[in-house]
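Step one of this worksheet: look at the structure below.
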Amino acid sequence: MAPSLLHPPSQLSPGDALQLSQQAPILLQSSAGAASTSLFSGLLAAPETAALWIQYENLLLSCLRTGDQRAAHLCLERLIARFGDENERIMALKGLVKEADAQNTGELENILKEYDQILKENNTNIPITKRRVALLRSMGRLSDAASALVQLLDFSPTDAEAWSELADVYLVQGMYPQAIYAMEEALVLAPNAWNIHARLGEMQYMAATAPGAASGSYQKCMAESLKRFARSIELCDDYLRGYYGLKLVTNALLKEQNKLAKQSEEGEFSLPETKTIERLNELATAKLSEIVRRSTAQETGWRGYDKLEVEAARKLLSDEATAASAIER
Amino acid sequence: MAADKGIVGDMVASMLWFSAYSYSCYSAQEHSALQSFRATTAALTSSTPTAASLPVDIVIETIVATLVISLGLVLGTRPLRPIQWNVWAGKLEREGPEGFLDSEGEVNKDYVGNPFRLLEARPGFVDIRKQRKEFAEWVKNGGQIQGN
């Protein structure tokens, strides 16, 4: 499936990004009239649509990524000509182009000062606040980025994207409880997001199995993780990521069931019975092998999965099979 | 390809049914033209022949054609989109864009994939310098455009 310029390119593979940025000359030429400020060529050209400007923005992002600075600057010029210098979104895009152009740390510091200057005039400029956080993070100043994010969330607490970013910033620093808290806030804002449920399950699993984790929290984290993965599957049939997580968690729990059985905390979500865990494990195995089989065979209606994810699931299943046969011997 | 054949077959069938329907319209029109012709030859001033006096065979023809064409349209439509959250989400994950084609076989314009993916991709916080570095790495390692 060819990538579309109408969707944000942030998750595309490098190949897809290159393919998109190679469309730049065509788009820039064909839409020159609609973007023009002169009345005459504006009248002659095809009518301007909202999709055009989304395409420009996404093209700009792809070109920046592939290093096509000339096309990126042209996109930016046309966006500025259309929406003006003062538009908050355009200001953020301008900053983004400058960040990509910067050669050394000094220039980055200057951009950071510019952001501070803009925020001094209007401290509720959300796109610029987000750029500032991203730049701080990119420069390795994680704790500054986290505190800037907390400030942003202070005046805009319904921004699920920011909560999710905060969770990620905490996660890379190994601050699991804070990361989980922030992710739960994002989930409050988007309660049906199956991928966020799975992400939270992964975070809980990481928190439980991290080297320095407190032993008391192990069971609680695992129980939470199990619950999150189960919820993600409930929200989305045949969800590969959810079943993968479920398989991983139930495997770990079944391996250590003797240790776990004795402790039980009151008031918290406790683990289900071993029998239930076993059945969940069997379900996950069955579903994963079905997905792997049909997706590898390229059956109609099963081609939407990510190849790497299917490969990982296949590996998980075959590892378990070899381990089981080793025990039998 | 099977889907294409199905669409063409559906179109042919509806056209046949539609021709049955238009034939009954034609019969009714001819009948009323004949009536008005008779009326004028009888030198009556009334210009509107009574529509209620259509012969029974034309009425039956029209009703049957209407029923058949409705049935054909209902049976010939593409499968309806899922309205249950988990079924819809499962279709998104399992089939990707292929599951959301319109009647011309193109991916629907409003298809966006998983709308919550943005919460993980977070375009507002994109680290463009890291992306550039990764892209340069990829080119250096002889990257190829996949999926072509």
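Data for the structure
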{"read-out": "Number of positions in the range A:152-170 that are among the polar types (S, T, N, Q), closer than 18 Å to A:Thr124 by Cβ and part of a helix (DSSP H, G or I)", "value": "0"}
{"read-out": "Test: A:Ala167 is crowded, with 16+ Cβ neighbours inside 10 Å and assigned by TED's automatic domain parsing to the domain that holds A:Arg303", "value": "no"}
{"read-out": "Within the range A:304-318, considering residues that are in contact with a Ser or Thr (Cβ under 7 Å, 6 or more places away or on another chain) and within 14 Å of chain B (Cβ to nearest Cβ), the one farthest from A:Gly245 (Cα to Cα)", "value": "A:Tyr305"}
{"read-out": "In the range A:124-142, the residues that are surrounded by fewer than 22 Cβ atoms within 10 Å (Cβ to Cβ) and free of Cβ contacts under 8 Å to residues at least 24 places away in the same chain", "value": "A:Gly140, A:Arg141"}
{"read-out": "Leading residue by the ranking (nearest to A:Asp237 (Cα to Cα)) among those in the range B:80-105 that are in a loop (DSSP other than H, G, I, E, B) and within 11 Å of chain A (Cβ to nearest Cβ)", "value": "B:Gln84"}
{"read-out": "Long-range neighbours under 6 Å by Cβ, at least six apart or interchain, first residue at negative phi within the range A:12-31, second at pLDDT below 80 and aliphatic (A, V, I, L, M)", "value": "A:Gly15/B:Ile145; A:Gln19/B:Ile145"}
{"read-out": "Any hit, the range A:117-140, residues being closer than 24 Å to A:Glu86 by Cα and of a type in the set (Gly, Ala, Ser)", "value": "yes"}
{"read-out": "The range B:71-85, residues that are open to solvent by 50 Å² or more (accessible area, probe 1.4 Å) and not aliphatic (A, V, I, L, M)", "value": "B:Thr77, B:Arg78, B:Pro79, B:Arg81, B:Gln84, B:Trp85"}
{"read-out": "Verdict on A:Leu187 being open to solvent by less than 50 Å² (accessible area, probe 1.4 Å) and either among the acidic types (Asp, Glu) or at the interface with chain B (Cβ under 10 Å from one of its Cβ atoms) (or both)", "value": "yes"}
{"read-out": "Test: residue in the range B:59-66 that is surrounded by fewer than 16 Cβ atoms within 10 Å (Cβ to Cβ) and more than 25 Å from the chain's Cα centre (by Cα)", "value": "yes"}
{"read-out": "Total residues in the range A:10-31, condition open to solvent by 20 Å² or more (accessible area, probe 1.4 Å) and closer than 25 Å to B:Glu120 by Cβ", "value": "8"}
{"read-out": "Count of residues meeting criterion [more than 21 Å from B:Leu118 (Cβ to Cβ) and at pLDDT 95 or above] in the range A:151-177", "value": "0"}
{"read-out": "Residue match in the range A:113-123 (condition: open to solvent by 50 Å² or more (accessible area, probe 1.4 Å), of a type in the set (S, T, N, Q) and outside any helix (DSSP H, G or I))", "value": "yes"}
{"read-out": "Residues located in the range A:49-107, provided they are open to solvent by less than 50 Å² (accessible area, probe 1.4 Å) and part of a loop (DSSP other than H, G, I, E, B)", "value": "A:Gly67, A:Gly84, A:Ala102"}
{"read-out": "In the range B:110-133, residue most open to solvent (accessible area, probe 1.4 Å) [restricted to those that are among the charged types (D, E, K, R) and more than 7 Å from chain A (Cβ to nearest Cβ)]", "value": "B:Lys133"}
{"read-out": "Residue list for the range A:279-296, restricted to those being among the small types (Gly, Ala, Ser) and open to solvent by less than 40 Å² (accessible area, probe 1.4 Å)", "value": "A:Ala284, A:Ser295"}
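The values are calculated or read from the model by the stated rules, or taken from the named source; none is laboratory data. Keep in mind the model is a prediction, meaning the values are calculated, not measured. Counting neighbours? That spans all protein chains shown, and the Cβs are built from the backbone with ideal geometry, glycine included. Ligands, DNA and RNA are stripped out before the accessible areas are found, and what is left, the full protein with its side chains, is counted by its heavy atoms. Shrake-Rupley method; radii C 1.70, N 1.55, O 1.52, S 1.80 Å.
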